[in-house]
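Written out below as structure tokens is the structure these notes cover.
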Amino acid sequence: MKARSHSLAAALAVLTAAAVVTGCSSGSSGTSDSAGASGGVVKLDFWGWAPGYDQSVALFNQTHPNIQVTFDKTASGGKGGYTKMLTAAKAGNAPCLAQVGYETLPSFAAAGALTDVTKYAGDAKSQFADWTWKQVTISGQTYGIPVDTAPMALMYRKDLFAKYGIDKPPVTWDEYAADAAKVHAADPTVYLGDFGNDSYNYAGLAWQAGAGWFGTSGDQWQVTLNSAANQKVAGYWQGLLDKKLLKTDPSYAPSLYADMGSGKVLSDVNAVWDAPIIASSVKDGAGQWAVAPMPVWDAANPAYGNDGGSATAVLKGCGHAKEATEFATWMSTNADSVSNLIKVTGIYPAATSGLGNPALAAPDTFYGGQTIFDVFKAETPHISTDWTWGPTMTQTATDVGDGLGQAGTGGTTVPNMLGAVQGKTVAAMKQQGLSVAGG
Amino acid sequence: MTTALHERTAGPARAAGARRTGRRRRRGRPVALFLAPFLIPFAAFYLAPIGYTLYQSLFRMHRSGLGLTAPTQVFVGLANYATALGDADFRGSLLRVLLIGLVQVPLMLLFALGLALLLDAKSTLFKRVFRLAFFLPYALPGVVGAIMWSYLVAPGLSPITTAAHHLGLHLNLTSDAMLAPTIGNMLTWGWTGYNMLIIYSALQAIPAELSEAATMDGCSAWGIAWRIKVPLVRPALVLTTVFSIIGTAQLYNEPAILHNVAPNLSSTYTPIYAAYDAVNADNFNAAATESVILALLAFVLSFGFLKLVQRKGAAL
């Protein structure tokens, strides 16, 4: 009997040791609570993926000796970053701060992965565009600070547009379709644009048309992916696909940038943050590119789309929510930080003070010396501000992305895909116990 | 053969067992000490995750209203299993790996057996060079191989389709119909050498006298391969088949990498891909359920195959 209790104790000791070891390793990369108070310096961890965030963090650390932020680069949200954050929140060792897109914030709230910072963030509210504040406030609770918005525009090859007889970039979607046919008729290997598989880019096209995906009415969700307004947008793109007027390279894939470089794809309708991505990914044609407003449905009454925009969210279990909010507010509003984020990250600031930032007036050599932010600035008042994201966006976005990819190869159509995703999303929400109207 | 061996040893073993009980108390400590380095990691990293997966598959996160606050975990019994099996996408993914396995595994093993027999043949030159060359794809990390192939088949980038285009053939290696063959090709490229090596080492263990005797009796090289070598490497073939069945059931790398160039490949293409998709959507319970179903399927298939060949073996 004695022998057994000894071996049991030994086994327990080994297990405890193992637990301590794993505890330590996760602690160092995870929560900042434990180390926080030592020496009066609050240490915060910040997970994100955008280039340039680390430089803003360094600027903050220089001027705030009592709050030291460590930026850890993760994979981008959709490529595993969000999974890592959610898993860490579940395990109780999430960082205090995380880069979370507006579209994913409700999913994080639904997973219980966020800390309510309403009482610390109240003063900051007046410094941001109203609708961006709404994006970080869910059911009356504020979970983070907005960083940017993402107006969309048409980025195009000026020289090749001229070569194929397009004197000015298309103003309406009708003109876009006509130009697509014109280019393709002149050379069947050349396309005006690409129909990618990025669901959030597609959401931006729906956003522009006022074709919301989700809404709430009282305590009930409304899923409107398959609404008449959405079917109109889907029908337009399916029409172009049916006539094979668009290239179907995957979004942000090497093949797309190869096609852009070799002049096979002449333009892309994408968000402001995509402008530096195109500039760094497309090898040939620097200086020949330009940015024009996104084509609209009604030229007399223009409305534009938004694709992205993110917040610095405070995650669950943060022991220093006050300091975390202070940092997040500073990062989005401090002039030096915002300049850095505009130059390196390519953000369009959510803070109203940021819109006067001199970095927005800098000419861009890749875009032929154009002051590209002027285009986005002019669009901003015409972007709808009442878009609502659902609580199951990760799944919905994956399903829409799959459907867009399959529509590109003819496996389904965009209108059919929306119907299928609508059904799947409603079923998934009901299964989780959410109340949903419509099916 | 094996059963006879068991019967022979059963008697003395039982007697020894009786003697051992007397010593058990004194021996307990050292035994526990020696077993601990195995048992503790085994329990912590093998049994515990399996147990936790099974446990998770019986629960579901429940929300109410708009559900924008932390959910509660509720016990749902086997409801997750009903949902997973009722999901056409998940059933499709199971069927897909079954079909890919049904075509690809026999092809690859035939290929591996052929290469192994060629390497083992007396008249083959440069054996070492060929052995290394065939094995090389396996030495490359699977993801690297998959990335390489994804560029070789990507529309617009693929040198294969470009070459075919010049010959007047319009190939699209990532069209809906070509996805499975393309993945099968990636698997065959990556794993033939590995299986070949297992079969080849079994061939090496065959005594040279057998082949010599057969040659003396007038057996051709073909005859030796077919009547002597292949039956003798049967255990190696069974082993590689079981490994390949399990490997195909767990297919993930190749489709996940291929997705980057083939957006028509859905994110529920294979069961593991579907489970990973559920993890991304923060639905750990669905992911656990799908993992358990897949593990059961791989278990049934591999043990089913073992039973099948054992029964056949006994009949021979």
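The values are calculated or read from the model by the stated rules, or taken from the named source; none is laboratory data. Because the structure is predicted, anything quoted here is derived from the model rather than measured. Positions of Cβ are generated from backbone atoms using ideal geometry, with glycine treated the same way; all protein chains shown enter the neighbour counts.
From the list A:A89, A:A98, which residue is modelled with pLDDT under 95, touching a strand residue (DSSP E or B) at 6+ places or on another chain (Cβ under 6 Å) and in the same structural domain as A:K43 (by TED's automatic domain parsing)?
On inspection, the qualifying residue turns out to be A:A89.
Taking B:L66 as meeting all but one of (1) surrounded by fewer than 18 Cβ atoms within 10 Å (Cβ to Cβ); (2) over 24 Å from B:L296 (Cβ atoms); (3) within 14 Å of another protein chain (Cβ to nearest Cβ); (4) not basic (K, R), write down the number of the exception.
Against the list (1) surrounded by fewer than 18 Cβ atoms within 10 Å (Cβ to Cβ); (2) over 24 Å from B:L296 (Cβ atoms); (3) within 14 Å of another protein chain (Cβ to nearest Cβ); (4) not basic (K, R), B:L66 comes up short only on (1).
Considering the stretch A:83-110 alone, what residues qualify as being basic (K, R) and either within 22 Å of B:T72 (Cβ to Cβ) or within 10 Å of chain B (Cβ to nearest Cβ) (or both)?
A:K90
Tell me which residues, restricted to the stretch B:133-183, are of a type in the set (V, I, T) and either crowded, with 18+ Cβ neighbours inside 10 Å or assigned to a loop (DSSP other than H, G, I, E, B) (or both).
Listed by number, the residues that qualify are B:V153, B:T161, B:T174, B:T182, B:I183.
Run B:N172 past the list (1) in contact (Cβ under 8 Å) with a residue 60 or more places away in the chain; (2) under 27 Å from A:L404 (Cα atoms) and report the number of the one that doesn't hold.
Looking at each condition in turn, B:N172 falls short on (1).
Do we find a residue being within 12 Å of another protein chain (Cβ to nearest Cβ) and within 26 Å of B:I245 (Cβ to Cβ) anywhere in the stretch B:94-113?
No, because not a single residue in the stretch B:94-113 is within 12 Å of another protein chain (Cβ to nearest Cβ) and within 26 Å of B:I245 (Cβ to Cβ).
For the stretch A:125-140, what are the residues that are in contact (Cβ under 8 Å) with a residue 24 or more places away in the chain and under 18 Å from A:Q99 (Cα atoms)?
A:F128, A:T132, A:K134, A:Q135, A:V136, A:I138
Condition check: within 14 Å of chain A (Cβ to nearest Cβ) and out of contact with any strand residue (DSSP E or B) (no Cβ under 7 Å at 6 or more places or on another chain). Does B:Y194 satisfy that?
In short, no.
Results for (1) over 17 Å from the mean Cα position of the chain (by Cα); (2) within 25 Å of A:G77 (Cβ to Cβ); (3) within 13 Å of chain B (Cβ to nearest Cβ), shown as yes or no for each residue.
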site: A:A113; (1), (2), (3): yes, yes, yes
site: A:F128; (1), (2), (3): yes, yes, no
site: A:T137; (1), (2), (3): no, yes, yes
site: A:V147; (1), (2), (3): no, yes, no
site: A:K163; (1), (2), (3): yes, no, no
site: A:D167; (1), (2), (3): yes, no, no
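Please go through the stretch A:200-244 and give me each residue that is under 27 Å from B:S64 (Cβ atoms), within 14 Å of another protein chain (Cβ to nearest Cβ) and in contact (Cβ under 8 Å) with a residue 40 or more places away in the chain, ordered by number.
Listed by number, the residues that qualify are A:F214, A:G215, A:T216, A:S217, A:D219, A:Q220, A:W221, A:Q222, A:V223.
So, in the stretch B:26-63, how many residues would count as being under 11 Å from B:T289 (Cα atoms) and not in a helix (DSSP H, G or I)?
Within the stretch B:26-63, residues that are under 11 Å from B:T289 (Cα atoms) and not in a helix (DSSP H, G or I) number 4.
Scan the stretch B:251-278 residue by residue and report those that are facing chain A (nearest Cβ under 9 Å), free of Cβ contacts under 8 Å to residues at least 40 places away in the same chain and of a type in the set (V, I, T).
Selection gives nothing.
Within the stretch A:79-184, which helices (runs of 4 or more DSSP H) (wholly inside it) include 3 or more residues that are buried (at least 21 other Cβ atoms within 10 Å of the Cβ) and among the hydrophobic types (A, V, I, L, M, F, W, C)?
Passing ranges, in order: A:81-91, A:105-110.
Restricting attention to the stretch A:338-354, which residues are in a helix (DSSP H, G or I) and more than 14 Å from A:P146 (Cα to Cα)?
A:S339, A:N340, A:I342, A:K343, A:V344, A:T345
Can you tell me which condition A:L315 does not meet? The list is (1) buried (at least 23 other Cβ atoms within 10 Å of the Cβ); (2) within 14 Å of chain B (Cβ to nearest Cβ); (3) within 27 Å of B:H259 (Cα to Cα), and all the others hold.
(3) is the only condition that A:L315 fails.
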